[in-house]
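The values are calculated or read from the model by the stated rules, or taken from the named source; none is laboratory data. Predicted model only: the values in this text are computed from it and were never measured. Because the Cβ atoms are built from the backbone with ideal geometry, glycine has one as well, and the counts that use them run over all protein chains shown. For accessibility, only protein heavy atoms count, side chains too; no ligands or nucleic acids. Shrake-Rupley method; radii C 1.70, N 1.55, O 1.52, S 1.80 Å.
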Amino acid sequence: MSNSTRPHHYPETLRTSAEITTNLFQDKAFFYLIPPQNSLTIENIRLHLKLTFDASVSVGNRKVTHIGIADEFPAFITDEPNRLLQLEVNAVADGNRQVDINIDLTPLLKRDDIAYRDFIEPDGLTGLTYVYIKCADGCRGALTGIIEICKVDAQFTTEGIA
Amino acid sequence: MSQSSKKPTGRPDAMVEAGHYLFQYSGGIGGGDCLTPLGVTGVVIELPVSKYITRNRRIIFENREFIGVRIYTDAGPPPFICLHSAGTEVPFYMALSIDGLLTPAEIIAQGVELSGPLPYEIEFLADRIPQPVQVGWTARIFIQLYWGNAGYVNQNGSLPSLNSFLISKHDYDITL
């Protein structure tokens, strides 16, 4: 083994995680994938979202309007994240009230936003990467539906093997 | 030292499964801490495990603070604008199965009865865990929860999922 102290950068550390069968409330949600230890950058990210809207949601509101990348989860639903880049997808539910979205969000990434948080976020923490999911404004205020699957795959570079 | 002639190649750690959090705003009208009824009497949660396991000795789950499972009756509209709120706590049952097909009666008979403030740990010893020697083993353990009334509410408004539990310890034997 080398005795060099030069940091070794590993360009291909893949992480994947999925939320399955969970109620979605209101019109927006933020998915945070825990990055590997010693992350340097996040290089690419993909989302697979399958959502079944609740029967109580009116037909016109059964759509995912935007998917994006945010750097924070605001405390109030009316607040916007500091940094939010989003794609207007306007995916409308089919006859089974379902939308199924597979999307590459890599162009929206800020590559050094790889900060780690736990469930309780420390004060003043910045530089996180969340996948932002936004449904029609009319979904606000009630149960929107069930997330059948919300799976995020991301590729990181790390210092050493993580 | 191993006497195997095989030399390991590739990366020593190829784990790709990561954890995550799904953050959202509570349900109800106008936001705030509103709850919605669970809509089902129980759930089956799939837990994939290593295919090299030959015997499961012990699994300890942590029913997590904030996002864990604590079931209440629905007390109806609280003083503010929600439609549902937590009433009296009711216990729920948790059992592990090989195929997720235990009946409610079997979950009650074979499982553990749980209630109380979060977080707490739930321990299953070998005799209550599906084993690879059983017919139908697919390297998955199914966590079955049963509370018996679709109108009940969970403490955080969400349907319980694998995120509700942290596997704080899993003792097992593996093949080499």
statement: Taking every residue of A:23-35, the Cβ atoms of other protein chains inside 10 Å of its Cβ average out to 5
- request: Using just the helices of the protein assembly as shown, give the 222 nm mean residue ellipticity in deg cm²/dmol: DSSP H runs with n ≥ 4 each add -39,500 (n - 2.57), and the total is spread over all residues, rounded to 500.
  value: -500 deg cm²/dmol
query: What's the extension gain from A:Ile120 to A:Asn90 if we count 0.36 nm per residue and subtract their Cα-Cα distance?
result: 7.6 nm
- request: Give the interface area between chains B and A as buried accessible surface, both sides summed, probe 1.4 Å, in Å² to the nearest 100.
  value: 3000
- request: For the stretch B:46-115, just the Cα set please: Rg and Dmax, both in angstrom.
  value: 16.7, 54
message: Before I look further, what does the stretch A:12-158 give for accessible area per residue, probe 1.4 Å, in whole square angstrom?
response: 43
field: Relative contact order for the stretch B:61-140, counting Cα pairs under 8 Å that sit 6 or more residues apart, in percent
entry: 33
- prompt: How big, on average over all directions, is the shadow cast by the Cα convex hull of the protein assembly as shown, in nm²?
  reply: 20.7
- prompt: How high is the FRET efficiency between B:Leu125 and B:Leu83 when r is their beta carbon distance and R₀ equals 41 Å, given to the nearest 0.05?
  reply: 0.45
message: Apply the a/c threshold of 1.5 to the C-alpha gyration tensor of the stretch B:42-174 and tell me whether it is rounded, prolate or oblate.
response: prolate
task: Rounded to whole Å and ordered largest first, report the semi-axes of the equivalent ellipsoid of the stretch A:12-158 derived from its Cα gyration tensor (root of 5λ).
output: 27, 16, 13
Backbone N under 20 Å from the A:Ile34 label point (7 Å along Cα→Cβ), restricted to the stretch A:73-88: A:73
task: Could you look at chain A and say what percent of its accessible area is carbon and sulfur, using a 1.4 Å probe and all protein chains?
output: 50
query: Taking the stretch A:1-80, which GluC sites (Glu not before Pro) meet the DSSP loop condition and have no more than 13 other C-beta atoms within 10 Å?
result: none
message: For the stretch A:119-162, which chymotrypsin sites (Phe, Trp or Tyr not before Pro) pass both filters: DSSP loop (anything but H, G, I, E, B) and at most 16 other C-beta atoms within 10 Å?
response: A:Phe119
- request: For an R0 of 56 angstrom, estimate the FRET efficiency from the Cβ-Cβ distance between B:Val133 and B:Glu65 and round to the nearest 0.05.
  value: 0.95
